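*Asks:* What follows is a single structure, and I will ask about it in a moment.
The values are calculated or read from the model by the stated rules, or taken from the named source; none is laboratory data. This is a predicted model, so every value here is computed, not measured. Positions of Cβ are generated from backbone atoms using ideal geometry, with glycine treated the same way; all protein chains shown enter the neighbour counts. With ligands, DNA and RNA removed, areas are computed over all heavy atoms of the protein, side chains included. Shrake-Rupley method; radii C 1.70, N 1.55, O 1.52, S 1.80 Å.
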Amino acid sequence: MFYQVEPTRDVRWAELVERHPRASVFHTVGWLEALRRTYGYEPMAFTTSAPNNELKNGLVFCRVESWLTGRRLVSLPFSDHCEPLCDSVEDVNFLIRYLQTRLEHQGWKYLELRPINGTFGQTPDGIGFVPATRYFLHTLSLSPDLNELFRGLDRDSVQRRIRRAEQAGLVEKCGRSDDLLKDFYSLFVITRGRHRLPPTPYAWFRNLIQCQGKALEIHLAYQGETPVAAILTLKFRDVVYYKYGCSDARFNRYAGIPWLLWKAIVAGKSNGAVEFDMGRTEEDNAGLLAFKNHWVQPPKRLIYWKFPLTPFSNLTDNWKSKLAKRLFSCMPNRLLAMTGKFIYRHIG
């Protein structure tokens, strides 16, 4: 049988996420609730477990309703990856096939899945799904001791820059306070403007703090009283996730981002973390890819899968993306910020 549950209200979902080996921070109730509060997405999960039984599996989505980009199920918007929480191919296969049969009846344009398993589309459970977008995923094992971890980092691009930051006398502040969020977001807006992209709404970060609590930490590097770089990390079980990074380019010589990343790695390991997830990177983002390659080699392939997706629709999506980037490149920062408040709920 096939059942639908509300993961932010059904306590069985949190229990499944807590015990399932493939669960990540993106499956958690806090992440789903932040998506709901910020963008109005409706989280929903599908399972073969009856309502009065323990959840043995689950496939979580957000329903995106947009007059601009259509109706669809995405697992999950603004999430780097999201594995099906199933112990067998048969369970995944059953859930996906049922959703495929409901696609037209529900008026969904497509289903999108973001599994870490790169062979998803070549197995029976991925039938009918085709690659939509390709990324790289960098994950650093924290099993070695700190000295060995440090020696494994690129000598010139990472080790030397961390030492330079230490010599520059940078000061780190960590937490979730309003003041730290304001300093973080100021740097975030500057960074997005430098890349000619709309910044994610301030409300998203405020809601993440409220919903994630102590699992979220903002790390800020200051030169005197001036914030020069910042990262935002999340923690779930024994994994630390590096989700956002930003800086003031005028102070890049202080190497604030590498220094903060290393300090987050050290803190994570001391608190029992065994992995540092550095997140997804677009194939064509050569600068970011090179930066992460200096920390982790080699990265994993990360593929997002859609059903259905015709060659024509894929070309159309690429064309729209290129057009949007061209428009963003002409916008002043203030207009970019206004655009971000409007557009993000439509592109999840």
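*Asks:* Name the residue that is nearest to the chain's Cα centre (by Cα), counting only residues in region 1-28 that are aromatic (Phe, Trp, Tyr) and not in a loop (DSSP other than H, G, I, E, B). So that I can check it myself, show each step before the final result.
*Replies:* To start, the set of residues in region 1-28 that are aromatic (Phe, Trp, Tyr) comprises 2-3, 13, 26.
Checking the rest, the ones that are also not in a loop (DSSP other than H, G, I, E, B) come to 3, 13, 26.
Working: 3: 27, 13: 20, 26: 7 Å.
Per the stated criteria, the residue is 26.
*Asks:* Can you spot a residue in region 193-203 that is at pLDDT below 95 and touching a Pro at 6+ places or on another chain (Cβ under 8 Å)?
*Replies:* Checked region 193-203: at least one residue is at pLDDT below 95 and touching a Pro at 6+ places or on another chain (Cβ under 8 Å).
*Asks:* Taking residue 209 as the residue in question, decide whether it is open to solvent by 50 Å² or more (accessible area, probe 1.4 Å) and closer than 18 Å to residue 232 by Cβ.
*Replies:* Numbers: open to solvent by 50 Å² or more (accessible area, probe 1.4 Å): no; closer than 18 Å to residue 232 by Cβ: yes.
Here the answer is no, as residue 209 does not meet what is asked.
*Asks:* Please work out which one of (1) touching a Ser or Thr at 6+ places or on another chain (Cβ under 7 Å); (2) farther than 29 Å from residue 244 by Cβ; (3) outside any loop (DSSP other than H, G, I, E, B) is the condition residue 55 fails and give its number.
*Replies:* (3)
*Asks:* In region 243-283, which residues are open to solvent by 20 Å² or more (accessible area, probe 1.4 Å), under 26 Å from residue 77 (Cβ atoms) and out of contact with any His (no Cβ under 9 Å at 6 or more places or on another chain)?
*Replies:* Of all residues in region 243-283, those open to solvent by 20 Å² or more (accessible area, probe 1.4 Å) come to 243-245, 249-254, 257, 262-263, 266-267, 269-272, 274-275, 280, 282-283.
From the residues that got through so far, the ones that are under 26 Å from residue 77 (Cβ atoms) too are 243-245, 257, 275, 280, 282-283.
Result: 243, 244, 245, 257, 275, 282, 283.
*Asks:* Would you mind telling me which numbered condition in (1) assigned to a strand (DSSP E or B); (2) crowded, with 19+ Cβ neighbours inside 10 Å; (3) of a type outside the set (A, V, I, L, M) residue 31 fails?
*Replies:* Result: residue 31 passes all but (1).
*Asks:* Restricting attention to region 198-256, report how many residues are among the aliphatic types (A, V, I, L, M) and part of a helix (DSSP H, G or I).
*Replies:* Let us first name the residues in region 198-256 that are among the aliphatic types (A, V, I, L, M), namely 203, 208-209, 215-216, 218, 220-221, 228-232, 234, 239-240, 249, 255.
After this cut, where a residue has to be part of a helix (DSSP H, G or I) as well, the list is 203, 208-209, 215, 249.
The total comes to 5.
*Asks:* Given (1) more than 26 Å from residue 233 (Cβ to Cβ); (2) part of a loop (DSSP other than H, G, I, E, B); (3) free of Cβ contacts under 8 Å to residues at least 60 places away in the same chain, where does residue 68 come up short, assuming only one miss?
*Replies:* The one condition residue 68 does not meet is (3).
*Asks:* Of (1) on the phi > 0 side of the Ramachandran plot; (2) open to solvent by less than 10 Å² (accessible area, probe 1.4 Å); (3) not basic (Lys, Arg), residue 24 satisfies all except one. Which?
*Replies:* Tallying (1) on the phi > 0 side of the Ramachandran plot; (2) open to solvent by less than 10 Å² (accessible area, probe 1.4 Å); (3) not basic (Lys, Arg), residue 24 fails exactly one: (1).
*Asks:* I'm checking my understanding of the structure. Among residues of region 215-236 that are touching a residue at least 60 places away in the same chain (Cβ under 8 Å) and of a type outside the set (Gly, Ala, Ser), which one is least open to solvent (accessible area, probe 1.4 Å)?
*Replies:* In this case the residue turns out to be 234.
*Asks:* Now a separate question. Across region 55-109, which residue is surrounded by the fewest Cβ atoms within 10 Å (Cβ to Cβ) among those that are more than 24 Å from residue 40 (Cα to Cα) and among the basic types (Lys, Arg)?
*Replies:* Across region 55-109, the extreme among qualifying residues is 97.
*Asks:* Let me ask something else about it. Could you please tell me which pairs satisfy a Cβ distance under 7 Å, a separation of 6+ or placement on different chains, a first residue in region 45-59 that is modelled with pLDDT of 95 or more, and a second residue that is acidic (Asp, Glu) and surrounded by 19 or more Cβ atoms within 10 Å (Cβ to Cβ)?
*Replies:* Going by the 7 Å Cβ cut-off, the qualifying pairs are 48/91; 57/91.
*Asks:* Looking at region 157-171, which of its residues are closer than 18 Å to residue 297 by Cβ and either open to solvent by less than 90 Å² (accessible area, probe 1.4 Å) or modelled with pLDDT under 95 (or both)? Reasoning before the result, please.
*Replies:* Looking only at region 157-171, we keep the residues that are closer than 18 Å to residue 297 by Cβ, and these are 157-162.
157, 158, 159, 161, 162 - these are the residues of region 157-171 that are closer than 18 Å to residue 297 by Cβ and either open to solvent by less than 90 Å² (accessible area, probe 1.4 Å) or modelled with pLDDT under 95 (or both).
*Asks:* Residues being touching a Leu at 6+ places or on another chain (Cβ under 8 Å) and open to solvent by less than 30 Å² (accessible area, probe 1.4 Å): count how many of those fall in region 188-206.
*Replies:* Adding up the residues that qualify gives 4.
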